[in-house]
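For reference, the structure I am asking about is given below.
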Amino acid sequence: MFRVTALILLLTVSSAMAFEYHHAEDPKSYVTRLRFNYNFTYQKTEIEAKISQTVAFGTILGWEIGFMGSITIFIHPTDSFWGAYPVDNLIGYVGLYIEKTNFFDPNLNLLLYPISHESTHLVDGYDRGDIATDKVFDSNEYLGFDITYKLCSAALTSGMLFYIYPPNKTLDQMARPLLFRWHLAADYTLPLDGVTSLIAAMDFALFYENRWHPAFNIGVGADFGKLHLLLHYEYQYGLGQDFRDLQQRFGLQMLVY
């Protein structure tokens, strides 16, 4: 597992960015970020680190085709901040993308996910007590799209994901029977000078897994070009192993583009 993780990290860090738009608060955006949160659900200080990248293979008839990969880890420091910091949760995404800029309009961008794999893994150990077997690991594939409209100071995105499972497994055999995700994301910037801007970002989503439930992430802060610093708030049923728990987090995040 370590070798596979190291290989993906090396690939993502060393590759050139391909996507035209990356939203700051969309949990599935392929951005690299570091968050220092207080998790109100678990009453713990938390470090969240995500490394993401996209790699373009080539262009066919104006459609860019490439690879995307992302790893997110959640680390829970000790109460005294000394000693071992266990990695509590790891989430990986890997797949292909097809992107078309100037999609019938110079400001319109279409991003297709023809097939992606999502999986979660127990890493150093679950540090919140006993864990049910069906929360240790979950895996699925999904396909979908995002369509973005770029304004002079904002980018608006809406998209859908449809989850698919192996034909030999029924939904009641899956740890997390996700079926559908719709989201609406927006980043708005207010320039202060030639380099720095104020930024406000949000992502609102609706999931369906046995029932409908909402999720939203919001952030406000400063855009320094390749670096964003934001105060971040999250309200959603957890990703990865935490999917049954309603997560509420507040903290500081740094995004690198």
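Pick from region 82-125 the residues that are surrounded by 15 or more Cβ atoms within 10 Å (Cβ to Cβ) and among the hydroxyl-bearing types (S, T, Y): which of them is modelled with the lowest pLDDT?
T120
Looking at the structure I just gave you, is G221 of a type outside the set (A, V, I, L, M) and farther than 18 Å from S29 by Cβ? Outline the logic, then answer.
Details: of a type outside the set (A, V, I, L, M): yes; farther than 18 Å from S29 by Cβ: no.
Judged against the criteria, G221 is not a match.
L178 passes all but one of (1) part of a strand (DSSP E or B); (2) crowded, with 18+ Cβ neighbours inside 10 Å; which number fails?
Of everything listed in (1) part of a strand (DSSP E or B); (2) crowded, with 18+ Cβ neighbours inside 10 Å, L178 misses just condition (1).
Further, regarding this structure: Test N217 against the stated conditions and say whether it is outside any strand (DSSP E or B), out of contact with any Lys or Arg (no Cβ under 7 Å at 6 or more places or on another chain) and closer than 26 Å to L90 by Cβ. Can you show your working first?
Values: outside any strand (DSSP E or B): no; out of contact with any Lys or Arg (no Cβ under 7 Å at 6 or more places or on another chain): yes; closer than 26 Å to L90 by Cβ: yes.
No; evaluated as a whole, the condition is false for this residue.
So which pairs qualify, if the first residue must be in region 36-65 and in a loop (DSSP other than H, G, I, E, B), the second must be of a type outside the set (D, E, K, R), the Cβ gap must be under 7 Å, and the two must be at least 6 apart or on different chains?
F40/Q248; T41/L246; T41/Q247; T41/Q248
Determine, yes or no, whether H213 is touching a Leu at 6+ places or on another chain (Cβ under 9 Å), at pLDDT below 95 and surrounded by 13 or more Cβ atoms within 10 Å (Cβ to Cβ). Walk me through how you get there before you give the answer.
Working: touching a Leu at 6+ places or on another chain (Cβ under 9 Å): yes; at pLDDT below 95: yes; surrounded by 13 or more Cβ atoms within 10 Å (Cβ to Cβ): yes.
Spelling it out, H213 is indeed touching a Leu at 6+ places or on another chain (Cβ under 9 Å), at pLDDT below 95 and surrounded by 13 or more Cβ atoms within 10 Å (Cβ to Cβ).
Give the residue that is nearest to Y38 (Cα to Cα), with candidates limited to residues of region 220-243 that are open to solvent by 10 Å² or more (accessible area, probe 1.4 Å), part of a strand (DSSP E or B) and hydrophobic (A, V, I, L, M, F, W, C).
Only one residue fits best here, namely L231.
The values are calculated or read from the model by the stated rules, or taken from the named source; none is laboratory data. Everything quoted here is computed from the prediction, not taken from an experiment. Ideal geometry is used to build each Cβ from the backbone, glycine not excepted, and the neighbour counts take in all protein chains shown. Remember, those area values only see protein heavy atoms, side chains included, never the ligands or the DNA or RNA. Shrake-Rupley method; radii C 1.70, N 1.55, O 1.52, S 1.80 Å.
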